[in-house]
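J.: Below: one structure in structure tokens.
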Amino acid sequence: MKKIVGIIAAVAMAASVFGAEVSGAIRLSGDLFNYNGEKKEADALKLKNENMFWHSPVTFSVSTDNVGATWKWTDESGDTMKTGKWAIWFKPAEAIKVNLGTIDKSMNNDSIDWTNRLINYDNWGIAVDFSAGGFSARLSLVNNKDSFFFLNGDEGKKANTNAVDSRLKIKENAKKAYYEGLGIEEKDADETQKTNAENAAKAALDAYIALNEPSKTYIGEVNFYAEYAADFGTISAMYDAKDSFTINSIGAGYKGSFGDVTIFADGAVYLVKDCDTTFGGDFDIKYNANGLGFESYTQYKSAPTGKGSLMEIAKVTYALDNGMTPYLYFKDANFMAKNFACTIKPGFTASFGAMSYEMAVQFDIANKVNISVPVNFSVKF
């Protein structure tokens, strides 16, 4: 951690010499209390140190009018810090911006969890942005870090297994045949039988690859996004193709404001080789006036088999004059699931100087009820 602070200080000093803008944040989260209803166990005062990059504990950015860079650090168990999300951008012309490193883009997403959208990507690659008037577009070539976007021969064949992994019919049919051979249903299987079923599914997948996936050039992920903004709102479209164009997503959306109300809606179609076509849709409505805020986000996704999933998230906030904002949060990840499960979380956000913080009481309700008191602290500079 001392090394990271030293790096930030050195870069900030150098940036000030060249007149660059510098910003950063340090975040810390934990649980003051946690009760596990399933295990009937309780613990208290836990600081979490296993975070994800999308809410990194340390971020740092530096930029001028035409060049910029961002670093993100996260931590793992054992207090090991690592970085893997950094990016550099530059503008060779006023209407063009080139992005190198971590590339991310999505369709409309909610501002409750900030993680829900129909199509998105977040990986390593290159993207070129173009903007003129109300029109903007981005073309991205994305791949895993330390991997080539184009692979050929046996390497391409090996990489293509990532796409085949998503072909649900092959694996599900193999598992079904395995359980039928034993004369049992999956829900009655023990751990050994479940492992054997997974191995049977993998073997069926490997056999399919050998017969149907000849050695060929492998192409990573291609994404194209475009939007047009005018007085009536913003319309957008997105196309994403993964693993040599075997996994394709096509979507379109609209976002607009009407007085104190903002809405967006999206639709998407998912085309996966050797699988049934599936689709998804979402709708978000947000109201904010006189300190009162409300947002509701609904998302539906169909499934190759079964009845799909329907998610609902809602949050009500009220800003007080003293700077504190109480809120009530609700989430049901799938209203169509066989068993009811949801999260209810009353809490508040506030600030102390440059530090913002949040505290809540969270109820995770399923067969049993888990209760926790999560806290978050963030200092921005």
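J.: Can you tell me how many residues in region 87-114 are part of a strand (DSSP E or B) and modelled with pLDDT of 90 or more?
T.: 11
J.: If a residue must be closer than 20 Å to G251 by Cβ, of a type in the set (A, V, I, L, M, F, W, C), out of contact with any Leu (no Cβ under 9 Å at 6 or more places or on another chain) and buried (at least 18 other Cβ atoms within 10 Å of the Cβ), how many such residues does region 120-144 contain?
T.: 1
J.: Right, next: Out of the residues in region 34-68 meeting the condition of being in a loop (DSSP other than H, G, I, E, B) and open to solvent by less than 70 Å² (accessible area, probe 1.4 Å), tell me which one is modelled with the highest pLDDT. Steps first, answer last, please.
T.: Within region 34-68, the subset in a loop (DSSP other than H, G, I, E, B) is 37-40, 48-52, 56-57, 64-66.
Now narrow it down to the ones that are open to solvent by less than 70 Å² (accessible area, probe 1.4 Å): 37, 49, 51, 56-57, 64.
Numbers: G37: 82, N49: 58, N51: 54, S56: 68, P57: 72, T64: 89.
Filtering region 34-68 for residues that are in a loop (DSSP other than H, G, I, E, B) and open to solvent by less than 70 Å² (accessible area, probe 1.4 Å), the one modelled with the highest pLDDT comes out as T64.
J.: Given the criteria touching a strand residue (DSSP E or B) at 6+ places or on another chain (Cβ under 6 Å), among the aromatic types (F, W, Y), open to solvent by 70 Å² or more (accessible area, probe 1.4 Å) and modelled with pLDDT of 95 or more, does Y228 qualify?
T.: On the way: touching a strand residue (DSSP E or B) at 6+ places or on another chain (Cβ under 6 Å): yes; among the aromatic types (F, W, Y): yes; open to solvent by 70 Å² or more (accessible area, probe 1.4 Å): yes; modelled with pLDDT of 95 or more: yes.
In short, yes.
J.: If a residue must be part of a strand (DSSP E or B), open to solvent by 70 Å² or more (accessible area, probe 1.4 Å) and among the charged types (D, E, K, R), how many such residues does region 337-381 contain?
T.: Of the residues in that region, 1 qualify.
J.: Need pairs with beta-carbon distance below 7 Å; first residue modelled with pLDDT under 85 and within region 129-148, second not in a strand (DSSP E or B) and not polar (S, T, N, Q); sequence gap 6+ or separate chains.
T.: V142/G220; N143/F149; N143/G220
J.: Here is a further query. So which pairs qualify, if the first residue must be in region 368-380 and more than 21 Å from L328 (Cβ to Cβ), the second must be open to solvent by 60 Å² or more (accessible area, probe 1.4 Å) and among the small types (G, A, S), the Cβ gap must be under 7 Å, and the two must be at least 6 apart or on different chains?
T.: Pairs found: V379/A354; K380/A354.
J.: Against the condition crowded, with 16+ Cβ neighbours inside 10 Å, among the polar types (S, T, N, Q) and either at pLDDT below 90 or within 20 Å of the chain's Cα centre (by Cα) (or both), how does N334 come out, does it pass?
T.: So N334 passes the test.
J.: Further, regarding this structure: Surrounded by fewer than 16 Cβ atoms within 10 Å (Cβ to Cβ) and touching a residue at least 12 places away in the same chain (Cβ under 8 Å): which single residue out of T277, T298, T305, T262 fits that description?
T.: T305
J.: Among (1) more than 19 Å from the chain's Cα centre (by Cα); (2) buried (at least 17 other Cβ atoms within 10 Å of the Cβ), which single condition is L328 missing?
T.: The one condition L328 does not meet is (2).
J.: Also, quick follow-up: Can you spot a residue in region 69-78 that is at pLDDT 65 or above, out of contact with any helix residue (DSSP H, G or I) (no Cβ under 6 Å at 6 or more places or on another chain) and open to solvent by 50 Å² or more (accessible area, probe 1.4 Å)?
T.: Yes - at least one qualifying residue is present in region 69-78.
J.: Of everything in region 172-217 that's part of a loop (DSSP other than H, G, I, E, B) and surrounded by 13 or more Cβ atoms within 10 Å (Cβ to Cβ), which residue is modelled with the highest pLDDT? Don't jump to the end; show me each part of the working.
T.: Residues of region 172-217 part of a loop (DSSP other than H, G, I, E, B): 183-185, 189-190, 213-217.
Narrowing the set further to residues that are surrounded by 13 or more Cβ atoms within 10 Å (Cβ to Cβ) leaves 184, 189, 213, 215-217.
Numbers: I184: 72, A189: 69, E213: 52, S215: 47, K216: 54, T217: 60.
The qualifying residue modelled with the highest pLDDT is I184.
J.: While we're looking at this one, here's another question. Checking the structure you have, find out if any residue of region 301-319 is within 13 Å of N108 (Cβ to Cβ) and either assigned to a strand (DSSP E or B) or out of contact with any helix residue (DSSP H, G or I) (no Cβ under 9 Å at 6 or more places or on another chain) (or both). Reasoning before the result, please.
T.: Applying the first criterion (within 13 Å of N108 (Cβ to Cβ)) to region 301-319 yields none.
No, region 301-319 contains no residue that is within 13 Å of N108 (Cβ to Cβ) and either assigned to a strand (DSSP E or B) or out of contact with any helix residue (DSSP H, G or I) (no Cβ under 9 Å at 6 or more places or on another chain) (or both).
J.: I've got another one for you. Scan region 244-253 for residues that are touching a strand residue (DSSP E or B) at 6+ places or on another chain (Cβ under 6 Å) and open to solvent by 60 Å² or more (accessible area, probe 1.4 Å) and jot them down.
T.: Answer for region 244-253, where residues must be touching a strand residue (DSSP E or B) at 6+ places or on another chain (Cβ under 6 Å) and open to solvent by 60 Å² or more (accessible area, probe 1.4 Å): just I250.
The values are calculated or read from the model by the stated rules, or taken from the named source; none is laboratory data. Just so it is clear, the model here is predicted, and its values are computed rather than measured. All Cβ positions, glycine included, derive from the backbone under ideal geometry; neighbour counts span all protein chains shown. Surface accessibility is based on the protein's heavy atoms, side chains included, excluding ligands, DNA and RNA. Shrake-Rupley method; radii C 1.70, N 1.55, O 1.52, S 1.80 Å.
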